[in-house]
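Worksheet: the structure to be examined is printed underneath.
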Amino acid sequence: MNRTSSGGGTLLLRPPLVRAALVLAVVAVLEAAARGGLVEPLVMPPPSVMFARLVEIVRSGPFVTDLVVTGATVATAFGLGGLVGLMIGILFWRFPFSGAVFEPYLVSMYSMPTIVFYPILLAVFGLGTKPIMIIASTMALIPVALNTMVALRAIPPTLPKLARSLNCTRLQTYRKVLAPAAVPMVVPGLVLGFIYAVIGTIAMEFILASRGLGYRTGFFYRSFEIADMYAYILVISIVAIIVNVGLNYFERRIRRDMQ
Amino acid sequence: MSTIETSTVTGLDTVSYPRAARSRRWLLPAGRVAVPVVALLLWLVLAPLTELVPAPIPTVKEAWDGFATGWIYPGIQATASAVFTGFALGTAFAFPAGYLLGRSRYLNRVFEPLITGTFAIPRIIVYPILLTLFGVGFQAETGMVAISAFFPIVMSTAAAVRQASRTLLKLGRSLNASRAQIAMKIVIPEVAPGIMVGIRIGFSISFIAAIIAEFFAAKEGLGLMISRAHAGLDLPRMYAIVLLVMIAAFGGNMILWWAERRLRRS
Amino acid sequence: MQRTGVVLDRVGVVYTTNDGGSLEAVRDVSGVVADGRFVSLIGPSGCGKSTLLDVVGGLLRPARGGVVINGEQVSGPRRDTAMVFQEDSTLHWRTVVGNVAFGLEIAGVGRREREARARDVIKLVGLAGFEDRHPRELSGGMKQRVAIARALLLDPRIMLMDEPFGALDQQTRMFIGRELLRVWEETRKSVLFVTHDIQEAVYLSDEVWVMSARPSVIKSKIAVDLDRPRAPGTMGSRRFHELTSEVWELLRVESEKALDASGELRTTP
Ligand SMILES: Nc1ncnc2c1ncn2[C@@H]1O[C@H](COP(=O)(O)OP(=O)(O)OP(=O)(O)O)[C@@H](O)[C@H]1O
Ligand SMILES: [Mg+2]
């Protein structure tokens with residue numbers, strides 16, 4: 001039976017505490033396993049060693065270069081993918097038939113190994129970040145396009161009617177009525193698009209590039225520098241978590257402001 | 001990916017077709033078929049302009065040969081077994097975990113920030129860890145696929161289960177239904193379409209994860225074959241495999257999408 | 001203490017809200033639904049009628065007081081009570097038969113038997129011919145009848161019904177109300193019935209409990225001394241009008257309080 005008035009719950013069982021304890025416990029177990037010889041250092045060094053390497057790496061020059069390269073690639077991939085995604089979303093909404101025709105293809109693009117177009121892109125754009133950027137942007141555009149289309153379709157039909165009754169110009173209708181109504185649902189798509197740009201960029205760097213955070217991880221694996229490899233994996237994870245938290249914060253702010 | 005994804009795909013069913021399309025039902029399927037046909041024509045026309053892209057006919061012929069002479073079977077076998085095993089493994093963990101997170105507010109509050117917080121981490125970067133653990137081969141690749149499938153399925157399942165109607169849960173409790181009965185007879189059938197969304201996206205991601213993993217390090221598989229063909233400048237072969245991979249990905253997606261829409265309709 | 005029937009003993013319910021605060025829904029409700037009696041609960045929106053039904057149905061543990069059914073303290077859902085919820089509670093993936101038989105299925109009754117019995121009850125609630133339809137093919141009122149049939153099929157001694165006719169228009173409401181009375185007069189279950197409709201409450205019940213605005217207490221229990229079986233003519237009688245205006249007067253005051261508390265009457269010029 002459900003209780004109606006809560007007993008407050010003991011302090012120790014508060015979710016954030018339990019969560020922190022779980023994470024620490026996992027780290028402690030790994031540390032003990034590595035130090036106790038249960039796991040070979042060639043397979044996994046103790047977390048304390050990884051963290052020590054991490055600190056050194058973060059201070060080093062190559063790391064900063066990698067970070068800048070990856071960051072710039074992500075930013076341009078998102079810019080391009082976001083823009084094209086928005087345009088596709090609007091197009092599919094304006095012309096519902098085209099939306100219905102292309103939807104299955106757009107949906108399956110999640111599993112399309114777009115990476116296979118790399119050789120062509122390589123030939124067209126040459127070595128460098130451009131081919132990676134383009135592949136990452138195709139990943140970013142999918143959620144942006146789908147969410148934009150859904151957001152626009154979800155606008156209640158009374159709003160365009162209202163705009164017409166007030167003799168709004170086409171531009172006014174878009175700027176003052178349709179766009180604000182759709183923004184709360186478009187923003188999550190953009191957030192997802194950004195995350196996909198990050199994932200796409202790092203994954204492509206991992207297999208194809210000669211610079212960037214993703215590349216470096218694979219590089220250390222290949223050169224058997226396992227501690228550095230783990231340190232880089234940690235760095236990427238931390239950067240990704242920070243980006244994600246920032247985006248979530250941004251999304252919540254926007255949604256609140258729009259209400 | 002959880003709620004957004006769900007709402008995205010919910011939208012797929014609310015397409016309001018223009019009146020003309022409704023009265024002429026063949027238009028939509030025709031339009032959908034036209035897309036790959038036009039793409040093929042474009043390929044046919046544009047291929048001669050560059051040496052980097054083989055013409056469609058040799059490509060298709062190479063694909064045909066792949067089946068006729070059998071050179072492609074080991075690749076298909078390796079990739080397919082890694083995808084299906086990994087996907088099954090990932091789902092086996094993700095589905096119950098997602099269900100629990102969706103049903104228990106406490107568990108959700110403990111684990112949800114961990115799952116959404118790590119959502120932006122590109123899963124592929126843990127592949128080297130799997131490689132050091134298991135060595136290059138089936139196990140590492142399967143592990144990669146399982147990890148990739150796990151997250152979208154957990155998130156979508158939890159989001160779907162959280163949507164379960166409070167009234168129906170009340171009904172279950174008032175009938176003294178057991179936890180298993182509530183799961184099997186109320187919640188899962190009720191939110192099945194939402195669960196299918198996660199399964200579909202999990203499948204998509206499994207597929208691409210396997211190919212990317214094989215690009216990086218593998219003993220067998222279609223991804224490896226593509227990168228070998230690329231290195232050996234065997235363009236028709238490379239594009240033949242790419243074509244097959246795309247058709248397989250599209251086919252798998254469409255089957256799951258169709259299942260999802262059927263569930264939604266009932 | 002009374003051995004049979006439903007005894008509510010100083011029930012008080014406090015909800016924990018999402019932001020960690022608390023909300024007192026029900027302050028102090030006592031009363032007895034004697035065996036075989038039809039009691040209606042009526043009160044302003046949000047006063048805690050559904051909450052009270054959840055308590056009697058064993059779905060919600062009250063913060064204070066308790067409920068005793070046939071001499072046993074309620075500590076969870078019981079076999080001898082069945083509930084009809086305010087919101088649609090049909091399972092959209094099952095047919096009407098599958099929905100009506102659902103309670104028996106959970107109770108472990110075999111397929112053949114439960115479906116055969118379900119078909120009988122479906123006729124009783126006037127859904128014959130719709131046995132193999134899905135809820136999406138039914139109107140709101142038909143879905144509520146499916147829920148009523150599901151509860152009836154469990155053959156409980158006590159029915160807890162939360163605005164089962166809420167989704168219906170006035171005419172259908174009267175019609176189904178009469179059908180419900182017919183079934184009830186045959187089976188003589190105890191009924192605790194929530195409604196917003198004063199005429200319906202008086203027409204159906206032996207007793208009408210009028211609740212105050214939240215946090216709720218029972219303001220008044222009005223015994224309905226109209227003859228049974230009730231006929232359509234009952235509603236034209238003088239006594240019926242006296243009773244309905246009595247309930248109406250009590251409710252008017254409470255509804256204003258409820259709205260006032262939620263700030264809706266404080267219009268600024
Ligand atoms: N699960 C809950 N958590 C917190 N507060 C709740 C919950 N359920 C109901 N309440 C609050 O308790 C009060 C009584 O709710 P209840 O649903 O019992 O009212 P009601 O009398 O059935 O109203 P109505 O006639 O509109 O159905 C309301 O103020 C409501 O906001
Ligand atoms: Mg209610």
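Could you say whether any residue in region B:106-119 is farther than 23 Å from A:Tyr249 by Cα, crowded, with 18+ Cβ neighbours inside 10 Å and within 13 Å of another protein chain (Cβ to nearest Cβ)?
No - not one qualifying residue is present in region B:106-119.
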Identify the single condition in (1) outside any loop (DSSP other than H, G, I, E, B); (2) within 16 Å of ligand 2 (Cβ to nearest atom); (3) closer than 23 Å to C:Leu204 by Cα that C:Leu8 does not satisfy, given that it satisfies every other one. (2)
For B:Gly143, which of the numbered conditions (1) small (Gly, Ala, Ser); (2) buried (at least 24 other Cβ atoms within 10 Å of the Cβ); (3) in contact with a Leu (Cβ under 8 Å, 6 or more places away or on another chain) fails to hold? (2)
With criteria (1) closer than 18 Å to B:Thr167 by Cα; (2) open to solvent by less than 20 Å² (accessible area, probe 1.4 Å); (3) outside any helix (DSSP H, G or I); (4) more than 16 Å from ligand 1 (Cβ to nearest atom), C:Arg94 comes up short on (2)
Just one of (1) closer than 30 Å to C:Leu226 by Cβ; (2) assigned to a loop (DSSP other than H, G, I, E, B) trips up C:Arg178, so point out which. (2)
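Within region C:97-106, identify whether any single residue is outside any loop (DSSP other than H, G, I, E, B) and within 16 Å of ligand 2 (Cβ to nearest atom), and answer yes or no.
Just the residues of region C:97-106 that are outside any loop (DSSP other than H, G, I, E, B), to begin with: C:97-100, C:102-106.
Still in the list and also within 16 Å of ligand 2 (Cβ to nearest atom): none.
No - not one qualifying residue is present in region C:97-106.
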I'd like the full set of residues that are within 16 Å of ligand 1 (Cβ to nearest atom) and charged (D, E, K, R), limited to region C:69-90. C:Glu87, C:Asp88
Please determine whether any residue of region A:221-232 is modelled with pLDDT of 90 or more, open to solvent by 10 Å² or more (accessible area, probe 1.4 Å), within 10 Å of A:Arg53 (Cβ to Cβ) and more than 8 Å from chain B (Cβ to nearest Cβ). no
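Taking B:Ala213, is it buried (at least 24 other Cβ atoms within 10 Å of the Cβ), within 25 Å of the chain's Cα centre (by Cα) and under 23 Å from B:Gly252 (Cα atoms)?
On the way: buried (at least 24 other Cβ atoms within 10 Å of the Cβ): yes; within 25 Å of the chain's Cα centre (by Cα): yes; under 23 Å from B:Gly252 (Cα atoms): yes.
Here the answer is yes, as B:Ala213 does meet what is asked.
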Of all residues in region C:35-68, which are more than 14 Å from chain A (Cβ to nearest Cβ) and more than 16 Å from ligand 1 (Cβ to nearest atom)? C:Asp35, C:Gly36, C:Arg37, C:Phe38, C:Val68
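Listed here are the residues, each with its yes/no results for (1) within 24 Å of A:Ile135 (Cβ to Cβ); (2) more than 8 Å from every other protein chain (Cβ to nearest Cβ).
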| residue | (1), (2) |
| --- | --- |
| A:Leu162 | no, yes |
| A:Arg170 | no, yes |
| A:Tyr174 | no, yes |
| A:Val198 | yes, no |
| A:Ile207 | yes, no |
| A:Arg216 | yes, yes |
| A:Ile236 | yes, no |
| A:Val243 | yes, no |
| A:Asp257 | no, yes |
If C:Gln171 passes every condition in (1) more than 30 Å from C:Arg64 (Cα to Cα); (2) within 16 Å of ligand 2 (Cβ to nearest atom); (3) more than 14 Å from chain B (Cβ to nearest Cβ) but one, which one does it miss? (2)
Among (1) within 16 Å of ligand 2 (Cβ to nearest atom); (2) open to solvent by 50 Å² or more (accessible area, probe 1.4 Å), the one test that C:Asp197 misses: (2)
Total residues in region B:41-59, condition open to solvent by less than 40 Å² (accessible area, probe 1.4 Å) and more than 12 Å from every other protein chain (Cβ to nearest Cβ): 2
Please determine whether any residue of region C:30-37 is closer than 19 Å to C:Val191 by Cβ, of a type in the set (S, T, N, Q) and either away from ligand 2 (no atom under 16 Å from the Cβ) or surrounded by 23 or more Cβ atoms within 10 Å (Cβ to Cβ) (or both). yes
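Provide a single number: the residues in region A:154-181 that are at negative phi and either among the polar types (S, T, N, Q) or surrounded by 24 or more Cβ atoms within 10 Å (Cβ to Cβ) (or both). Before the answer, list the steps.
Going through region A:154-181, the residues at negative phi turn out to be A:154-166, A:168-181.
So of that shortlist, the ones also either among the polar types (S, T, N, Q) or surrounded by 24 or more Cβ atoms within 10 Å (Cβ to Cβ) (or both) come out as A:158, A:165, A:169, A:172-173.
So the answer is 5.
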Residue under evaluation C:Thr17, criteria (1) open to solvent by 30 Å² or more (accessible area, probe 1.4 Å); (2) away from chain A (no Cβ under 11 Å), criterion not met: (2)
Inter-residue pairs, beta-carbon under 8 Å, first closer than 10 Å to C:Ala149 by Cα and touching a residue at least 24 places away in the same chain (Cβ under 8 Å) and in region C:113-125, second aromatic (Phe, Trp, Tyr) and surrounded by fewer than 21 Cβ atoms within 10 Å (Cβ to Cβ), 6+ apart: C:Ile122/C:Phe130
Testing B:Ile199 on (1) open to solvent by 20 Å² or more (accessible area, probe 1.4 Å); (2) within 14 Å of chain A (Cβ to nearest Cβ); (3) over 16 Å from the mean Cα position of the chain (by Cα), one condition comes back false. Which one is that? (3)
C:Arg214, sole failed condition from (1) away from ligand 1 (no atom under 16 Å from the Cβ); (2) open to solvent by 10 Å² or more (accessible area, probe 1.4 Å); (3) of a type outside the set (Asp, Glu): (1)
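A quick yes/no check of all residues on (1) open to solvent by 70 Å² or more (accessible area, probe 1.4 Å); (2) not hydrophobic (A, V, I, L, M, F, W, C):
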| site | (1), (2) |
| --- | --- |
| A:Val18 | no, no |
| A:Leu38 | yes, no |
| A:Ser48 | no, yes |
| A:Val58 | no, no |
| A:Val64 | yes, no |
Answer yes or no: is there a residue in region A:137-146 that is buried (at least 20 other Cβ atoms within 10 Å of the Cβ), away from chain B (no Cβ under 12 Å) and not in a helix (DSSP H, G or I). no
Does region C:41-55 include one or more residues that are of a type in the set (Asp, Glu), without any contact (Cβ under 8 Å) to a residue 60 or more places away in the chain and within 16 Å of ligand 2 (Cβ to nearest atom)? yes
Counting only helices (runs of 4 or more DSSP H) entirely within region B:142-248, those with at least 2 residues that are in contact with a Gly (Cβ under 6 Å, 6 or more places away or on another chain) and within 16 Å of B:Ile76 (Cβ to Cβ) are B:188-216, B:222-231
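The values are calculated or read from the model by the stated rules, or taken from the named source; none is laboratory data. Owing to the predicted nature of the structure, the values given are computational and were not obtained by experimental measurement. Here Cβ is always computed from backbone atoms with ideal geometry, including for glycine, and neighbour counts include all displayed protein chains. Side chains included, ligands, DNA and RNA excluded: accessible areas come from the protein's heavy atoms. Shrake-Rupley method; radii C 1.70, N 1.55, O 1.52, S 1.80 Å.
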